[in-house]
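All remarks here apply to the structure that follows.
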Amino acid sequence: MDFLVVFRNGNFSFLMTGLAATVFYTITGFVLSMLIGLIVAFGQLSKKKVCRTVAEIYLSWFRSTPLLVQLVLIYYGLPILFHIDTKDWVCGIIALGMYSGAYVSQVIRGAIVSIDKGQMEAGRSLGYSQGQTMRKIVLPQAFRRMLAPLTNELISLTKNSSLLSCITVAELFRQANTLIAKNFKTMEVYIFVAILYYILNNIFGVIGKVLEKKLRTGEELE
Amino acid sequence: MSRKMIEIHDLEKFYGAHHVLKKINLDVEEGEVVVIIGPSGSGKSTLLRSINYLEEYQDGTIIIDGEYIGRTMKNGKSVPMEEKKLNAMRQKVGMVFQSFNLFGHKTVIQNIMMAPMDLKKENRADAREEAEELLRKVGLPQKANVMPSSLSGGQKQRIAIARALAMKPKVMLFDEPTSALDPEMVGEVLKVMKELAKSGMTMVIVTHEMNFAKSIADKVVVLEEGSIIEQGPPEQIFDHPQNERTKAFVNMVFTKDVVE
């Protein structure tokens with residue numbers, strides 16, 4: 001075993017560009033998934049049947065098919081079906097966002113319905129509209145309840161982003177494979193990469209916890 | 001002769017096939033305190049919550065301070081009014097809930113300042129000054145900067161009253177405001193309500209506190225199975241009820257009090 005290999009010949013910075021890419025794709029994908037999650041959640045909670053149906057179909061498709069399959073369908077499928085010129089990393093972000101959005105929608109919906117309906121009534125009785133009450137009163141309180149499961153989702157997404165290597169995106173796992181193809185130090189590089197994922201995800205975990213603590217209101221069941 | 005503040009006209013409410021409120025007609029004058037009593041399931045809370053259309057009803061109209069709220073008349077028919085108008089009208093009607101419903105993510109003073117700033121576009125300094133004044137009124141000036149979760153039930157309810165008053169409503173609705181409180185906290189809330197009544201606020205109250213009802217009400221309304229079976233001054237309702245069923249109900253509640 002020669003673990004120092006990852007620090008020689010510019011290998012370290014080569015892997016670091018991969019790590020930076022992983023962080024970028026994950027976070028961008030996560031922002032997109034929050035947006036999609038919010039839309040799907042409100043779709044499910046909507047009074048309109050058509051909104052509920054569309055949301056349910058979205059959810060069942062993206063939750064029930066593997067991310068890897070979705071990735072290749074978007075990356076290889078779009079050019080074939082619609083002659084859309086696909087960029088690997090753009091496809092990657094979109095696929096991550098759409099896949100994770102299905103899960104995030106359930107986190108958001110669960111948190112919203114867990115807020116006592118008296119909060120909505122109190123807001124409405126003061127003269128706030130439904131949307132204003134949702135935005136100013138219900139969502140901020142629901143957000144705290146979302147934090148733990150959202151942190152989970154972000155961590156999942158970080159790990160899932162390694163699948164982007166299959167559509168040629170130069171993220172951490174692909175950089176590692178490229179490196180191994182050159183120096184054949186399989187175990188050394190994979191272990192180092194595993195540690196990098198581990199550290200990154202624990203940083204996300206800590207940020208989630210700090211945020212949760214910051215948003216404490218004293219009403220938590222702890 | 002004082003003028004009418006609330007006019008409920010031929011209100012009909014159904015839950016599916018269940019007829020919850022049957023042709024309710026009720027007037028409340030400016031400054032009047034009306035207490036609604038009746039057996040559980042008689043529709044008291046539903047009637048109260050209809051006044052600001054938190055509870056939707058299917059027919060009839062309610063007028064507050066000369067303007068329709070909830071439903072309006074169109075070609076001689078009662079139809080739901082547009083949302084924007086309803087929201088504006090609700091600002092005239094303060095509501096206090098059994099379960100307080102303070103906003104858990106805001107401090108006490110933010111709870112009070114929020115709606116005037118958001119909806120009446122009051123500036124922060126004015127809103128704060130008014131909120132502090134209201135906190136003094138309900139006897140909790142020292143709690144301005146704490147979170148609602150640290151308050152007792154009685155304190156929460158007093159803050160909820162202050163929050164509703166911050167919008168300078170014409171009418172205050174109280175939906176069993178002391179039912180969720182420990183007995184020793186009931187008094188502090190009733191005291192605030194009494195002072196409010198004395199200040200000339202028009203109030204409609206649903207309560208199980210019969211002695212309180214007797215002492216604060218100008219008019220008592222008895223509801224049974226969705227109909228008003230009797231209304232009148234508290235002396236009449238409690239001491240000389242005209243209706244046999246009122247008599248039975250009043251007897252039952254007061255006997256229960258004695259047994260307890």
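The values are calculated or read from the model by the stated rules, or taken from the named source; none is laboratory data. Since we're looking at a predicted model, the values are computed, not measured. Neighbour counts are summed over all protein chains in view; Cβ atoms, including those assigned to glycine, are modelled from backbone coordinates with ideal geometry.
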**OP:** Could you tell me whether any residue of the range B:214-233 is under 20 Å from B:Ser50 (Cα atoms) and of a type in the set (Ser, Thr, Tyr)?
**Re:** yes
Original post:
Which condition breaks for B:Glu29 when tested against (1) touching a Lys or Arg at 6+ places or on another chain (Cβ under 7 Å); (2) free of Cβ contacts under 8 Å to residues at least 60 places away in the same chain; (3) of a type outside the set (A, V, I, L, M, F, W, C)?
Top reply: (2)
Original post:
Regarding B:Lys121, is this residue in a loop (DSSP other than H, G, I, E, B), within 13 Å of chain A (Cβ to nearest Cβ), among the basic types (Lys, Arg) and touching a helix residue (DSSP H, G or I) at 6+ places or on another chain (Cβ under 7 Å)?
Top reply: no
Original post:
Scanning for something under 22 Å from B:Leu47 (Cα atoms) and in a strand (DSSP E or B), does the range B:233-246 turn up at least one residue?
Top reply: no
**OP:** Say whether the condition of being crowded, with 22+ Cβ neighbours inside 10 Å, in a helix (DSSP H, G or I), out of contact with any Phe, Trp or Tyr (no Cβ under 9 Å at 6 or more places or on another chain) and not small (Gly, Ala, Ser) is met by at least one residue in the range A:122-132.
**Re:** yes
Original post:
Just to be sure, is A:Val206 modelled with pLDDT of 95 or more and either within 14 Å of another protein chain (Cβ to nearest Cβ) or buried (at least 19 other Cβ atoms within 10 Å of the Cβ) (or both)?
Top reply: no
Subject >> The listed residue being crowded, with 20+ Cβ neighbours inside 10 Å and either closer than 21 Å to B:Ile62 by Cβ or over 15 Å from the mean Cα position of the chain (by Cα) (or both), out of B:Ala217, B:Ala213 >> reply: B:Ala217
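Return the residues of the range B:89-100 that are without any contact (Cβ under 8 Å) to a residue 40 or more places away in the chain and more than 7 Å from chain A (Cβ to nearest Cβ); say none if nothing qualifies. Explain how you work it out, then say what you get.
Of the range B:89-100, the ones without any contact (Cβ under 8 Å) to a residue 40 or more places away in the chain are B:89-90.
Once the filter is applied, which keeps residues that are without any contact (Cβ under 8 Å) to a residue 40 or more places away in the chain and more than 7 Å from chain A (Cβ to nearest Cβ), the range B:89-100 yields only B:Met89.
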Subject >> All positions within the range A:106-165 that are without any contact (Cβ under 8 Å) to a residue 60 or more places away in the chain, away from every other protein chain (no Cβ under 13 Å) and among the basic types (Lys, Arg) >> reply: A:Lys159
Original post:
Does B:Phe103 satisfy being touching a helix residue (DSSP H, G or I) at 6+ places or on another chain (Cβ under 7 Å), within 23 Å of B:Leu11 (Cα to Cα) and either in contact (Cβ under 8 Å) with a residue 40 or more places away in the chain or away from every other protein chain (no Cβ under 11 Å) (or both)?
Top reply: no
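If you check B:Ser40, B:Ser50, which single one turns out to be among the small types (Gly, Ala, Ser), free of Cβ contacts under 8 Å to residues at least 60 places away in the same chain and more than 14 Å from every other protein chain (Cβ to nearest Cβ)? Steps first, please.
Working: B:Ser50 fails: more than 14 Å from every other protein chain (Cβ to nearest Cβ).
Matching residue, one of B:Ser40, B:Ser50: B:Ser40.
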Original post:
Can we say A:Tyr76 is assigned to a helix (DSSP H, G or I), away from chain B (no Cβ under 14 Å) and surrounded by fewer than 22 Cβ atoms within 10 Å (Cβ to Cβ)?
Top reply: yes
Subject >> Scope the range B:59-75; condition buried (at least 16 other Cβ atoms within 10 Å of the Cβ) and either of a type in the set (A, V, I, L, M) or out of contact with any strand residue (DSSP E or B) (no Cβ under 8 Å at 6 or more places or on another chain) (or both); matching residues >> reply: B:Ile62, B:Ile63, B:Ile64, B:Ile69
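Rundown of residues vs (1) touching a Leu at 6+ places or on another chain (Cβ under 6 Å); (2) assigned to a loop (DSSP other than H, G, I, E, B); (3) without any contact (Cβ under 8 Å) to a residue 40 or more places away in the chain, yes/no style:
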residue: B:Ala162; (1), (2), (3): yes, no, no
residue: B:Thr178; (1), (2), (3): no, yes, yes
residue: B:Val186; (1), (2), (3): no, no, yes
residue: B:Lys194; (1), (2), (3): no, no, yes
residue: B:Ile205; (1), (2), (3): no, no, no
residue: B:Gln231; (1), (2), (3): no, no, no
Original post:
Which residue, of A:Ile84, A:Ile94, is part of a helix (DSSP H, G or I) and more than 14 Å from every other protein chain (Cβ to nearest Cβ)?
Top reply: A:Ile94
Original post:
Is one or more of the residues making up the range B:136-154 surrounded by fewer than 18 Cβ atoms within 10 Å (Cβ to Cβ), within 12 Å of chain A (Cβ to nearest Cβ) and β-branched (Val, Ile, Thr)?
Top reply: yes
Original post:
With (1) β-branched (Val, Ile, Thr); (2) surrounded by 14 or more Cβ atoms within 10 Å (Cβ to Cβ); (3) closer than 30 Å to B:Ile8 by Cα; (4) away from chain A (no Cβ under 14 Å) as the list, and B:Val79 as the residue in question, which single condition is left unmet?
Top reply: (2)
Original post:
Somewhere in the range B:87-101, is a residue farther than 21 Å from B:Met193 by Cα and either in a loop (DSSP other than H, G, I, E, B) or charged (D, E, K, R) (or both)?
Top reply: no
Original post:
Out of the range B:58-72, which residues are aliphatic (A, V, I, L, M) and farther than 20 Å from B:Phe14 by Cβ?
Top reply: B:Ile63, B:Ile64
**OP:** Give me a count of the residues in the range B:124-156 that are within 14 Å of B:Leu196 (Cα to Cα), assigned to a helix (DSSP H, G or I) and either touching a residue at least 24 places away in the same chain (Cβ under 8 Å) or touching a Ser or Thr at 6+ places or on another chain (Cβ under 7 Å) (or both).
**Re:** 3
Original post:
Right, A:Ala111: over 13 Å from the mean Cα position of the chain (by Cα) and in a helix (DSSP H, G or I) or not?
Top reply: yes
**OP:** Name, by its number, the condition in (1) buried (at least 23 other Cβ atoms within 10 Å of the Cβ); (2) part of a loop (DSSP other than H, G, I, E, B); (3) of a type in the set (Gly, Ala, Ser) that does not hold for B:Ser40.
**Re:** (1)
